[in-house]
Amino acid sequence: MSHEVLENPLTLKLILNELDCFEILKLRKVSSGIHNCVDDLKPDANIKSYTTRLERHLHSTVIELTSGAYKEIEYFPGKSGGCVNNHYFKKLDARAQSLKDAEIILKNQKTCMEELRLVYQCFFVYNLKNENKLGWYSEKFSVAFGEILRRRSTPLKTKRFAISCKYQNEVMAILPHIDPNSLKILEILYPSKQEKLQFESIVKVSFEVDRISKTTQWRNAEQLISNYLIITTPIQKIDILHFHNLNILMDCLSSEDVFYLKTNLLGNLTFQKFRISFLSSTIDESLHELIGEPYRTVPNIKKVWYFRIPDTEYYMHISLDIHNLIKMSHAYQWLTDRQRKNISRIIFTFSNKHIYLFLHCLSKEGMRHIHISYESFGDTTSVTSEKNDLTVDKNNVDVFCEDIAMIIRNQESILETFQATFGTMGYCGGEPISDTTVQRIFASIEDALKSRSSLLKTESLSISFASVFQSISMIRYLDPGALKSVVFSFADLVDCKDFTSFKELKDHYQIILFLRFDTVTLENIHCFNENRFIPQKSVMVERTVNKTLESQTETREVLENPLTMKLILKELDCFDFQKLRKVSSGIRYCVDNLKPDSNVKSLAICLEQHVHSTLIELTSEAHKEIKYFPANTVGCVNKHHFIGLDARTQSLKDAETILKNQKMCMEELRLVYQCFLVYLLESKDILSGNSEIFSVAFGEILRRRTAPLKTQRFAISCKHQKEVMAILPYIDPGSLKILEILFPSKQEYLKFDSSVTVKFDVKFEVDQISETEQWRKAEQLLSNYLIITTPIQQMSIVHFVNLEILVECLSSEDVFFLKTNLLGKPKFQKFRISFLASTIDEFLNELIGEPYRIVPNIKKIWYFRIPHTEYYMHISLDIHNLMYDNGNPKLKTLIFNRVRQEDTPF
């Protein structure tokens, strides 16, 4: 009878109004009729908070009701059964049961909860290197829990949603099924117990929010908390400006990020407090230019700014910790934010006393080459780069390691090349390198790679390490999706069997591998031929093979067939063409008639005092260096001696063979003549005249081509413009973008100081060059060390997009001429003009107006609106009287820069 009464919906509804969720669940178990009647009435569960903890051997759920009642349910999974609150059940899947109970409890929840909290212990706080199977189970649980919410008739209402996770797909499995209008606080927790969590003792977990930040729930929330997961999505790519309060941990923060937040939050009327912790930063003094000088600086501790919030009585208070910023290594601090974000090549080489780091940075102005030198003087190191220098009370290896580690940790874009050369290079002084030094640098690089939140992306890796193990170990920290080619060079005899460790990489890396040995045995060669253990698209082992095809008559006849040869040439590169041409005269004639494209990416020729070298890089990334050593009666090419050979003439013949069929556009043609010696400036060598002869001969090679040579960049070092004029007219003007005129010496350590100009007085005219079509169509002009004497107004330069030159003298009229003409050039970006002397005076103010700002004894600054655009012209003029150490005046610079309005004071 009592069952019949309780199964009446009207009666049961009155009863349910007096019961809480826990009592309703007990009532459902009385009979199937009551069970069905309760489910039909769908009474509100009135849950205040719901917390689930997924630990190693225990899964617990804590439920608190709005009435104050609460209950904890513990689920213990076992192999053949499960335990729920100390009650054992055979064949029970305890975790599956917890999900069933969750669905029963939450399916009829109507009122808005205070909190939904899911905590997964995927990492153990006190045993950081151990990860249990909850790492993957937490993802499955999130998906299952999300399905429970999806099956509800309406989204679950909760003010706060907290979840610990390793990947954003765990959040995305649940977040879309939470009511966006109710959610106020979103908290993303570290995947471990929360009670004793300390950042310094946990495994660092990188986390992206690019998908989460696009949800309505994210955009409607008022507060975001994530103190331990390292958010790697750039701050300007996630929508956070709408939050009232924010407390997060970022991987990296830049000056531009601070400026972005300051500018946008000033317009957010609901903003209260943003606290952003960060592991690393590229914040430097450029921040002061972006947001102004700080109101207060606590040395080595913090900087403080105040900004009035428009139309309110409130101020924005900004506090920036600088205790870590001042540890931004050494030369790395000289790089701008843009340079740090756009490094495309990292190349370094060293001996025991010198380390040289070469960085190639992409920018709107083109490729910027930054050379950094670390020279050891006992226990101190002199670090120099262009106009910057400092002395550090550490040895050069430690100083270099701190810089290279900072670069590696913060590298975001894909590198074209990562090259590390450990060897007795000529420009390193030839000192032997200790194994200890190699180990220190290798350990520093490896630690930096390990500390990254993601694998380093580089297309090419080139290493000359001490062992096969070290070389292979480097690959493990590189992104397999980006890596295309690897070059390993070994000076000492190595055991081919050491390469069997490549088997471990077989399923992840598909690369072209080049192995170079100074010493190789017949046994090693057989080992490579017999064992196919290297996981790559192809393996190239440089060695000498005496056997040729000359004696194989049948093979020659096949290869001399144009149809067959055409098919073969499609599979070969330029270097293979040259080898094939040497097999027989018939094959040579066949190859020359077919004229296969050489596909040369870059060609660089360096004419030095005792050696002439040519470096060729193909579009396939294959590259080759040929060294020619001239002598009176014997010439040497790559250590092979030939009686009566004129090595320089041979180099020209080889250049013509390589370039005569070049069809595609090269990236760079570079000719460097060492007419002056960097460290012996009072001496001239015979190349002073030979460089002119060589330029004329090289120009003839290009003239004999059927079409002008296509190259995006042409760089040549010279003393007279006729050397440029011997070659420039034979370069395709429609392809040439960058023209670079170099100082006639080695480029690696070139620094401008008065010794170069006074002792050599290398003055350079461009009156003929500037009349060529190539000059008029180029977009960028670079000449930092030759002193251009042709007056500014007599050479056509206002069409350039970017320009960086050194002139002898600058006048007020020149500045007025440039300002007037560049304002009308829509493509103009940046002009940097250094000058030795000037006739600039106060008359300049009458010509272009009073400066916007004057830094006394340092510089003057102007801003001019570029008509019909949102851009301004920013002019910076040096007015200092600084001196070099020898007492001669330092160069001054005039800079015209195109900037957006938001980068100006207006």
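The values are calculated or read from the model by the stated rules, or taken from the named source; none is laboratory data. Keep in mind it's a predicted model, so treat the numbers as computed, not measured. In this analysis, Cβ positions are derived from the backbone assuming ideal geometry, glycine residues included, and neighbour counts consider all displayed protein chains. Just the protein is used for accessible areas: all its heavy atoms, side chains included, with ligands, DNA and RNA removed. Shrake-Rupley method; radii C 1.70, N 1.55, O 1.52, S 1.80 Å.
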Only unsatisfied item for residue 128, checking (1) modelled with pLDDT of 80 or more; (2) open to solvent by 20 Å² or more (accessible area, probe 1.4 Å); (3) not in a helix (DSSP H, G or I), is (1)
Give region 396-415 a look and list any residue that's polar (S, T, N, Q) and either surrounded by fewer than 19 Cβ atoms within 10 Å (Cβ to Cβ) or not assigned by the TED database to the domain that holds residue 446 (or both), or say none. 413
Filter region 794-810 for residues that are out of contact with any helix residue (DSSP H, G or I) (no Cβ under 8 Å at 6 or more places or on another chain) and assigned to a loop (DSSP other than H, G, I, E, B); which is surrounded by the most Cβ atoms within 10 Å (Cβ to Cβ)? 800
Among the strands (runs of 3 or more DSSP E) confined wholly to region 573-643, which include 3 or more residues that are over 23 Å from residue 691 (Cα atoms), out of contact with any Gly (no Cβ under 6 Å at 6 or more places or on another chain) and outside the structural domain of residue 415 (by the TED database)? 640-643
Output the residues belonging to region 250-270 that are crowded, with 17+ Cβ neighbours inside 10 Å and in contact (Cβ under 8 Å) with a residue 40 or more places away in the chain. 251, 252, 254, 255, 256, 258, 262, 265
Tell me yes or no: at least one residue of region 876-891 is outside any loop (DSSP other than H, G, I, E, B), without any contact (Cβ under 8 Å) to a residue 12 or more places away in the chain and either touching a Ser or Thr at 6+ places or on another chain (Cβ under 8 Å) or open to solvent by less than 30 Å² (accessible area, probe 1.4 Å) (or both). no
Being closer than 29 Å to residue 832 by Cα, modelled with pLDDT of 80 or more and in contact with a helix residue (DSSP H, G or I) (Cβ under 6 Å, 6 or more places away or on another chain) is the requirement here; does residue 403 meet it? yes
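For every residue, the table says whether it meets (1) open to solvent by 50 Å² or more (accessible area, probe 1.4 Å); (2) within 31 Å of the chain's Cα centre (by Cα); (3) at pLDDT 70 or above; (4) under 16 Å from residue 659 (Cβ atoms).
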| position | (1), (2), (3), (4) |
| --- | --- |
| 532 | yes, no, no, no |
| 589 | yes, no, yes, no |
| 614 | no, yes, yes, yes |
| 620 | yes, yes, yes, no |
Residues that are under 17 Å from residue 653 (Cα atoms) and in contact (Cβ under 8 Å) with a residue 12 or more places away in the chain: does region 730-743 have at least one? no
Where residues in region 315-331 are of a type outside the set (Val, Ile, Thr) and at pLDDT 90 or above, which of them is surrounded by the most Cβ atoms within 10 Å (Cβ to Cβ)? 320
For a quick check of your reading of the model, give me the residue pairs whose first member lies in region 600-614 and is without any contact (Cβ under 8 Å) to a residue 40 or more places away in the chain, whose second is open to solvent by less than 20 Å² (accessible area, probe 1.4 Å), with beta-carbon atoms closer than 8 Å and at least 6 apart or on different chains. 611/628; 612/605; 612/628; 612/647; 612/651; 613/605; 613/628
Considering only residues that are β-branched (Val, Ile, Thr), modelled with pLDDT of 80 or more and assigned to a loop (DSSP other than H, G, I, E, B), which ones fall in region 724-773? 727, 766, 772
Meets criteria (farther than 30 Å from residue 831 by Cα, among the hydroxyl-bearing types (Ser, Thr, Tyr), in the same structural domain as residue 488 (by the TED database) and at pLDDT 75 or above) for residue 434: no
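Conditions (1) closer than 30 Å to residue 713 by Cβ; (2) touching a strand residue (DSSP E or B) at 6+ places or on another chain (Cβ under 7 Å); (3) at pLDDT 75 or above, marked per residue:
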site	(1), (2), (3)
333	yes, no, yes
343	yes, yes, yes
356	yes, yes, yes
362	yes, yes, no
370	yes, yes, yes
383	yes, yes, yes
395	no, yes, yes
